[in-house]
Amino acid sequence: MTIHLGLGWRLLERGESILAWERGRAALVRDPANDEALRLLAAVAGIGGDSRSAQRAHERAIAARPRHPLPRVACALALLEQGRTHQALVRLREALTLDPALGAALVALARALQAEGQGERARSFADRARRLDPDHPGALHALGRVTLDAGAPADALPWLTRARDLQPDSPDILADLSRALRAVGQDAQALDVARSALALRPDRADLHDVLACALLGAGQPDDADRELRKALARWPAHGTGWTNRAAVLIETRAPRDALLSASRALAVDPDDADARVNRAFALGLTGDYPASFHDYRHRWRTAAFRRLYRPAGTEPWEGQPLPGGTLLVRGEQGLGDQIMAARFLPALAGIAGRVVLECDPALHRLFAGLPGVDALITRGDPLPPADAWVGAMDLAGWAGTRADRMPVPVPYLKPPVPSPDLRAALPPRRRGWVGLVWAGKTSPRDRSCPLAPLAALVTRLGFAPVALVPGPRRADLARLPADSPVRDLTPVLGDMADTAAAVSLLDTVISVDTAVAHLTGALGVPGALLLLATPDWRWGERGARTVWYPSLRLVRQPEPGDWTSAFRALETLLEGPDGPLPRRA
């Protein structure tokens with residue numbers, strides 16, 4: 001931001017709108033593609049940022065200067081602020097007809113197309129602006145944002161970092177850079193960048209959201225809540241702030257307050273899909289499954305889901321019979337979610353003539369032959385023609401699942417016959433074979449526990465521990481004492497069918513919240529599930545048992561980060577009469 005623009009914003013804050021307008025116009029004379037100058041002019045014309053007033057002001061400018069493209073770009077930006085993407089696209093195409101090489105129009109067009117879910121087209125226009133000017137910060141920012149929203153934050157970082165270096169005082173660039181840093185696990189840096197963005201424009205409610213999200217990512221949920229409460233006291237009609245606060249309150253173990261916050265967001269915008277999803281999580285934690293499942297269906301309207309899942313090309317299933325028709329079940333989210341939902345598939349056999357299940361390739365062999373499933377396809381492959389589609393995680397609601405009642409039998413999966421190599425990899429049984437799963441994926445949050453004290457506990461109690469963790473955290477085994485008896489089974493495990501065969505041989509499994517925990521419960525194998533103090537919605541707020549998997553016992557952290565107390569509770573469970581370790585034949 002130049003001195004002129006910084007002064008322009010300060011003048012606007014003091015109510016000197018005419019002088020602020022002059023500063024913005026002066027910046028545009030020097031750089032006609034200056035997005036920040038256009039934003040300042042829109043804010044001035046919009047009487048302190050009212051996008052509808054800004055739009056009307058720019059429409060008047062278009063009428064006065066019909067051959068000048070910049071008012072059309074500014075008008076499009078005001079329309080985008082209102083969510084009127086189609087009208088914004090019309091204005092931007094008009095601007096590019098007048099000047100095909102106008103960088104501001106190309107960048108704004110990329111932003112509009114991205115809002116429409118047309119990520120690749122957005123990327124092409126942003127890249128066109130970059131080719132015209134390799135150091136155009138708006139083009140670099142647009143490329144970074146498109147890449148970030150496509151789920152590739154590591155690839156977005158170079159674009160956003162370069163854009164920040166060229167325009168270090170752009171709060172929008174800094175906000176997206178903070179998001180990208182958070183997504184790659186650089187939480188401290190994300191927090192610093194978010195603070196810098198807010199320092200530039202403390203008058204913007206959305207930047208308070210960015211800081212709150214960064215605080216949450218850095219493990220400071222109470223500070224995140226304070227930041228949002230402060231912002232919402234100033235902007236009580238800022239719906240996104242209420243939506244974000246609902247997410248933060250879930251992390252502070254206040255799901256009932258989260259319900260109120262999500263409802264405030266929906267009072268502002270009844271179509272806010274993210275608020276619906278956050279309310280669904282809070283309802284699930286409090287045990288109101290019917291209402292939770294109803295709200296959770298709105299996840300398919302969120303930007304995150306629209307980015308990850310292609311349209312099915314047909315209408316969603318509403319529970320009606322489809323005699324002779326095809327029902328497509330969309331595999332979604334993680335392996336554990338898909339395993340959890342698989343129990344409801346047999347019930348579909350009498351509803352549709354043909355059921356096609358989309359799932360992760362790691363589950364194909366495990367799910368082959370599931371009753372009620374006529375065909376399996378891999379996520380990412382072309383979707384087949386279908387008469388209706390349903391998300392796998394929506395089946396629980398259609399089946400009538402409640403927090404105290406599971407309408408289908410558990411266990412419901414059958415393991416393959418264990419291979420000779422798998423049997424040979426097991427150590428001497430001692431008191432019993434115990435599978436250890438101390439880590440899984442770290443996004444959206446890290447649910448891992450320390451391996452060394454867990455392995456020491458199991459060994460001290462006389463069990464024979466085996467490791468079931470593939471990937472980078474397998475390296476934790478090398479840091480155990482040289483005489484550790486933990487046997488690594490992952491070299492003989494390929495897909496989840498192999499893991500199911502291994503789990504079926506064990507006396508019990510001790511796992512953090514991962515797909516292996518779901519697999520253990522789906523097979524009916526005894527297990528202990530180690531949960532964070534802020535667990536996922538399906539495990540509820542309290543209690544040692546779960547309707548989802550009767551063979552599992554839940555061991556909860558009493559406070560965030562307190563694995564020591566959780567391990568003490570685990571020891572009591574393993575040694576007690578209600579433990580998960582009846583010796584299996």
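Net charge within 15 Å of residue 460 by Cβ-Cβ distance, Lys/Arg positive one each and Asp/Glu negative one each, not counting residue 460 itself? The partial results should precede the final answer.
Details: positive: 430, 431, 568; negative: 483, 571, 575.
Here the count lands on 0.
Assuming 0.890 mPa s and 25 °C, estimate D for region 309-399 with Stokes-Einstein, Rh taken as the Kirkwood radius over Cα pairs, in µm²/s. Numbers along the way, then the final one.
Working: Rh = 12.8 Å.
For the chosen part, D equals 191 µm²/s.
Please state the shape class of region 420-575: rounded when a/c is under 1.5, otherwise prolate if a/b exceeds b/c and oblate if not, all from the C-alpha gyration tensor. It would help to have the intermediate numbers written out before the result.
Numbers: a/c = 1.44, a/b = 1.30, b/c = 1.11.
Since a/c stays below 1.5, the shape of region 420-575 is classed as rounded.
Carbon and sulfur together cover what percent of the accessible area of region 420-575 at a 1.4 Å probe radius? Display every interim value, and only then the final one.
Values: 3280 of 6000 Å².
It is 55 percent, rounded to a whole number.
Leaving ligands and nucleic acids out of the surface, order 414, 441 by accessible area at 1.4 Å, largest first.
On the way: 414 170, 441 130 Å².
Largest accessible area first, the list is 414, 441.
On a C-alpha basis, how far is the centre of region 77-144 from the centre of region 198-231 in Å? Whole number, if you could?
28
So how much accessible area does residue 564 have, in Å² to the nearest 10, using a 1.4 Å probe?
90
So what are the three principal axis dimensions of the chain from its Cα atoms, in whole Å, longest to shortest?
Principal-axis extents of the Cα atoms in the chain, largest first: 86, 57, 43 Å.
Name the long-range amide H neighbours of residue 99: under 5 Å, sequence gap of 5 or more, or other chain; modelled H, no Pro or chain starts.
Placed amide hydrogens put nothing under 5 Å from residue 99.
Find the relative contact order for region 420-575 and round it to a whole percent, using C-alpha pairs within less than 8 Å whose residues are 6+ positions apart.
On the way: 253 pairs, mean separation 33.3, N = 156.
Relative contact order comes out at 21 percent.
Hey, can you grab everything whose amide H is under 5 Å from the amide H of residue 432? Only 5+ residues off in sequence or another chain; H modelled, so Pro and N-termini drop out.
464
Given the C-alpha centroids of region 251-286 and region 363-438, what is the distance between them in whole angstrom?
30
Excluding residue 470 itself, calculate the net charge of residues whose Cβ lies under 14 Å from the Cβ of residue 470, where each Lys or Arg counts +1 and each Asp or Glu counts -1. Write down the numbers at each step before the final one.
Numbers: positive: 441, 473, 474; negative: 476, 488, 495, 498.
Combined, the nearby Lys, Arg, Asp and Glu give -1.
What percent does the relative contact order of the chain come to when contacts are Cα pairs within less than 8 Å and at least six residues apart? Please report the intermediate quantities before stating the final value.
Details: 1022 pairs, mean separation 41.2, N = 585.
RCO, the chain: 7 percent.
Once amide H atoms are built 1.01 Å from N in the peptide plane, which residues 5 or more positions from residue 467, or in another chain, come under 5 Å H to H?
Those qualifying (amide H under 5 Å, at least 5 residues apart or on another chain) are 436, 487, 488, 489.
Order 318, 120 by their accessible area, 1.4 angstrom probe, all chains in place, largest first. Write down the numbers at each step before the final one.
On the way: 318 100, 120 130 Å².
Final ranking, largest accessible area leading: 120, 318.
Find the relative contact order for region 54-179 and round it to a whole percent, using C-alpha pairs within less than 8 Å whose residues are 6+ positions apart.
Working: 168 pairs, mean separation 18.9, N = 126.
So the answer I get is 15 percent.
Ordered by residue, what ³J(HN,Hα) values in Hz, to whole numbers, does region 350-358 give under the Karplus form 6.51 cos²θ - 1.76 cosθ + 1.60, where θ = phi - 60° and Gly and Pro are x?
Working through the residues one at a time gives x, 9, 10, x, 8, 10, 10, 9, 8 Hz.
The values are calculated or read from the model by the stated rules, or taken from the named source; none is laboratory data. Everything quoted here is computed from the prediction, not taken from an experiment. Virtual Cβ from ideal backbone geometry, glycine too; neighbours counted across all protein chains shown. Just so you know, the surface numbers come from the protein's heavy atoms only, side chains and all, with ligands and any DNA or RNA stripped out. Shrake-Rupley method; radii C 1.70, N 1.55, O 1.52, S 1.80 Å.
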